[in-house]
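Chemist: The structure follows.
The values are calculated or read from the model by the stated rules, or taken from the named source; none is laboratory data. The shown structure was predicted, so the numbers you read here are calculated from the model rather than taken from an experiment. Positions of Cβ are generated from backbone atoms using ideal geometry, with glycine treated the same way; all protein chains shown enter the neighbour counts. Heavy atoms of the whole protein, side chains included, go into the accessibility calculation; ligands, DNA and RNA do not. Shrake-Rupley method; radii C 1.70, N 1.55, O 1.52, S 1.80 Å.
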Amino acid sequence: MSLNLYNTLTRRKEEFTSIEPGKVRMYTCGPTVYNYAHIGNLRSYIFADVLRRTLEYFGYEVPQVMNVTDVGHLTGDVDSGEDKMELQAEKEGRDIWDIARYFEDVFFDDIEKLNIEPPNVRCRATEHIDEMIELVKKLFARGHAYETAQAVYFDVTTFPKYTELSRQSLEDKMTAARDEVQEDPEKRNPADFALWFKAIGRFEHHIMRWESPWGVGFPGWHVECSAMSMKYLGETLDIHTGGEDHVWVHHPNEIAQSEGATGKKFVRYWMHGAFLVVGKLSVDEDDEERRMGKSEGNFLRLQTLIDKGYDPLAYRYLCFSAHYRAKLKFTWESMDAAASGYESLKDFAARAKQIGGEEQPWVAEHRKKFEEAIADDLNMPQALAAVNELIREADRRKEYGVLEALYKFDEVLGLNLRESAEKATIADAEIDNLIKERENARAEKNWQRADELRNQLAEMGIVLEDTPSGTLWRRSN
Ligand code: AMP
Ligand code: ZN
């Protein structure tokens, strides 16, 4: 079966092939660690995880690299404003390094709770300043970089394919950039972006700073991803992922820097996850389709969901309700629906584990449907539909030899089905005895006692199912 993935660069689905057989070099733009990640950010990482797991499902080894932006990401798009990290440190009156490490830890806890496979390499911008300086030197040597009194920039007019990914015209790009605050009168073109900021003028008090051939300062945000991805994965990557906002600024800049420095193709497949949007969270917000943004004060954290009693994996399940290239609107109704969908899936897995049986030939068709769905540009709504069809069919036929198929699907779904089915069905002599007692009561037509026992078991979180071959029980999740 061929795996087809949508490549933002060509705006079409393409059959996926890797540079090296059996191995996919994948880079995922990581978090800027000045604040908690919100569930929108996390949607992007769930998408990248499903991509990685799908590649693994089809037999690839996937060395994945993720950066941690702990310096250099400014609040404005065209290098205007302040460094987000420094701003937060100032606001909180805390040490900037503490802030960076704290939010990095929380981020990696969150992704673990969401069952997102950890990247093979996790790299901090602040630990790769030398690699960034080397890259900028190469860009000078190849005529792409220039220095002003305030900074070092990439001259976008020296790179003809600058807008290939975004498909904007360079003209439009320049006009848009001209409208934003331009902090440096010496910039050659409004769309030029910073590779290095000098710790002078507006950045005179920048705390994080390093020596460089262009004076003491700190790197621009985009250069870290070029330097670190190429360090760990080589000059050409198979897949690069990020949120859809990166199609217009961050990723064109990465391409310009990387290809400008090496003269080689940087990334073969660019893949972008669409945003999670939120409806009204308060009465004064009139924009229904607000993106959830870290700096927009309207964000929900994974912890917010946990505090409200949701299983983090129910949020993962919710993300499968929309294709990764479609916006997903978060509502509490959809969160509840996902939570109950996930509960019934786990309940079915526990039931299938108890009843068991040989896999029958009809299961093959459902395996195929599931695989076709994931191979078709990670169509998770369809994959989930295939899972639900399998469940319905098993219940209809009363044939439960489907666990192996379900566990196999879960390699991509990442919903811990095996773990929860096992936990739900761990044997327990006390419960077995209560059930036996209830069966005896029923045999003696002592309905009152049987009901009492059922209630007692229910209070213990035990679900009973009376089948022709006796009573089955499992723990509710
Ligand atoms: P940041 O930590 O701001 O650098 O963002 C981390 C990742 O989250 C990036 O890949 C962004 O594109 C992505 N992202 C930001 N906002 C959203 C959102 N509302 N929905 C989905 N992804 C988002
Ligand atoms: Zn990046």
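Chemist: Only one of (1) open to solvent by less than 30 Å² (accessible area, probe 1.4 Å); (2) away from ligand 1 (no atom under 12 Å from the Cβ); (3) touching a Phe, Trp or Tyr at 6+ places or on another chain (Cβ under 7 Å) is not met by GLN64, so which one is it?
Modeler: (3)
The rows are residues; the columns are (1) farther than 24 Å from HIS323 by Cβ; (2) within 14 Å of ligand 1 (Cβ to nearest atom); (3) modelled with pLDDT under 95; (4) not in a helix (DSSP H, G or I).
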position	(1), (2), (3), (4)
ASP238	no, no, no, yes
ILE255	yes, no, no, no
SER258	yes, no, no, no
TRP270	no, yes, no, yes
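Chemist: Within 11 Å of ligand 1 (Cβ to nearest atom), more than 19 Å from LYS173 (Cβ to Cβ) and open to solvent by less than 30 Å² (accessible area, probe 1.4 Å): which single residue out of LEU276, LEU233 fits that description? So that I can check it myself, show each step before the final result.
Modeler: Numbers: LEU233 fails: within 11 Å of ligand 1 (Cβ to nearest atom).
After ruling out the rest, the residue left standing is LEU276.
Chemist: Is it true that ASN440 is part of a helix (DSSP H, G or I) and over 30 Å from MET1 (Cβ atoms)? Step through it out loud before you land on a result.
Modeler: Details: part of a helix (DSSP H, G or I): yes; over 30 Å from MET1 (Cβ atoms): yes.
In short, yes.
Chemist: Looking at the range 27-50, which of its residues are of a type outside the set (Phe, Trp, Tyr) and either outside the structural domain of HIS240 (by TED's automatic domain parsing) or more than 16 Å from ligand 2 (Cβ to nearest atom) (or both)? Full working, then the answer.
Modeler: Looking only at the range 27-50, we keep the residues that are of a type outside the set (Phe, Trp, Tyr), and these are 28-33, 35, 37-44, 46, 48-50.
Scanning the range 27-50 gives ASN35, HIS38, ILE39, GLY40, LEU42, ARG43, ILE46, ASP49, VAL50.
Chemist: When the residues of the range 15-26 are filtered to those that are free of Cβ contacts under 8 Å to residues at least 24 places away in the same chain and loosely packed, with under 12 Cβ neighbours inside 10 Å, which remaining residue is nearest to ligand 2 (Cβ to nearest atom)?
Modeler: GLU20
Chemist: Would you check which residues across the range 196-211 are of a type in the set (Gly, Ala, Ser) and either in contact with a Gly (Cβ under 9 Å, 6 or more places away or on another chain) or open to solvent by less than 20 Å² (accessible area, probe 1.4 Å) (or both) and list them?
Modeler: The one that is of a type in the set (Gly, Ala, Ser) and either in contact with a Gly (Cβ under 9 Å, 6 or more places away or on another chain) or open to solvent by less than 20 Å² (accessible area, probe 1.4 Å) (or both): ALA199.
Chemist: Also, quick follow-up: In this structure, does ARG43 turn out to be within 23 Å of VAL267 (Cβ to Cβ) and open to solvent by 50 Å² or more (accessible area, probe 1.4 Å)?
Modeler: So ARG43 does not fit the description; no.
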